[in-house]
1. Using all Cα-Cα distances in the chain, what percent lands in each 5 angstrom bin from 0 up to the longest?
2. Please give the length that would be gained between GLU164 and ARG133 if that part of the chain were fully extended, namely 0.36 nm times their separation in residues minus their C-alpha to C-alpha distance (nm, one decimal).
3. Counting other Cβ atoms within 10 Å, which chymotrypsin sites (Phe, Trp or Tyr not before Pro) in the range 72-135 have at most 12 and lie in a DSSP loop?
4. Okay, helix-only estimate at 222 nm for the chain: each DSSP H run of n ≥ 4 adds -39500 (n - 2.57), divide by all residues, round to 500 deg cm²/dmol; what do you get?
5. By how many nm would the segment from ARG63 to ARG112 lengthen if fully extended, with 0.36 nm per residue of separation less the alpha-carbon distance?
6. Percent relative contact order of the chain, based on C-alpha pairs within less than 8 angstrom and at least six residues apart?
7. How much area per residue is accessible in the chain when the probe is 1.4 Å and only protein heavy atoms are counted (Å²)?
8. Pop out the carbon and sulfur fraction of the accessible area of the chain as a percent, whole number, probe 1.4 Å.
Amino acid sequence: MIDVRDLVVSYGTATALDRVTLTVRRGEMVALLGPNGAGKSTLANTLAGLVQPASGTVEIGGRLALIPEGRQLFPDLSVADNLALGGWRSGERDPSYVYDLLPRLAGLAGRRAGVLSGGEQQMVAFGRAMMSRPSVLVVDELSLGLAPNVTADLAGHLAELNREQGLTVLLIEQNARLAFELCGRAYVLESSRVVAEGECAELAGDP
Ligand code: ADP
Ligand code: ADP
């Protein structure tokens, strides 16, 4: 579903990704872990087509949506309008589909996105990504700045979409424990390179 081979991405003379190879199979939830500056967001943005690789290949076997780092909502627009913008490419304007997936959004529809709590904003970003009815979702830091119970609620929705609709997920996370709970396999990125990959059960057991 996601097939990345020997990917190299540079910003000027700085290498952000150095021959990164990674695959996510259809229906899988795979974690991408690593410290700040490792290149995780660069990989997410390259998958989403926002960053051009210098070399290597990226193949995506379906429609991909991104929940970007920091949510990136339009703060002065309503929740409903933020959601509608997520459907612009597929022509979907009616958010009722995502209200079925994330019922809490229905009650927030008329609110200005900028006044919502962090957890609510992340739910809007989640719903906006789902507006295009993607088969692959890349989540750049689900838990960033959120309380554990808020994160758990969002994670529950993600797991449900994976289980019930077969949504394929690449989950970028600082919180390794959360990633290991949700995902079967993980990659660890450090200084632009994949330094470890494997089953979460094995990686979690490593000292
Ligand atoms: P992570 O998501 O793992 O924190 P990033 O992909 O954001 O890592 O960053 C990887 C490296 O690329 C860092 O050294 C960062 O400073 C640099 N970088 C990221 N975005 C840009 C950019 N737009 N221009 C220049 N350098 C960037
Ligand atoms: P809610 O639980 O209603 O979604 P928030 O997401 O605003 O509320 O807050 C959850 C927790 O995350 C709180 O402890 C809050 O202080 C913290 N928090 C919220 N936003 C940030 C942020 N940008 N950076 C760091 N911590 C944050």
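1. 1, 7, 16, 20, 20, 16, 11, 6, 2, 0
2. 9.8 nm
3. Loop-located and lightly packed - TRP88.
4. Helices in the chain give a 222 nm mean residue ellipticity of -9000 deg cm²/dmol.
5. Gain in length upon complete extension: 14.8 nm.
6. Taking the mean separation of contacting Cα pairs over the length of the chain, I get 30 percent.
7. About 47 Å² of surface per residue is accessible.
8. Carbon-and-sulfur percentage of accessible area, whole number: 48.
The values are calculated or read from the model by the stated rules, or taken from the named source; none is laboratory data. Note that the structure is predicted; figures quoted are calculated from it, not measured. Note that we place each Cβ from the backbone using ideal geometry, even for glycine, and neighbour counts take in every protein chain shown. Remember, those area values only see protein heavy atoms, side chains included, never the ligands or the DNA or RNA. Shrake-Rupley method; radii C 1.70, N 1.55, O 1.52, S 1.80 Å.
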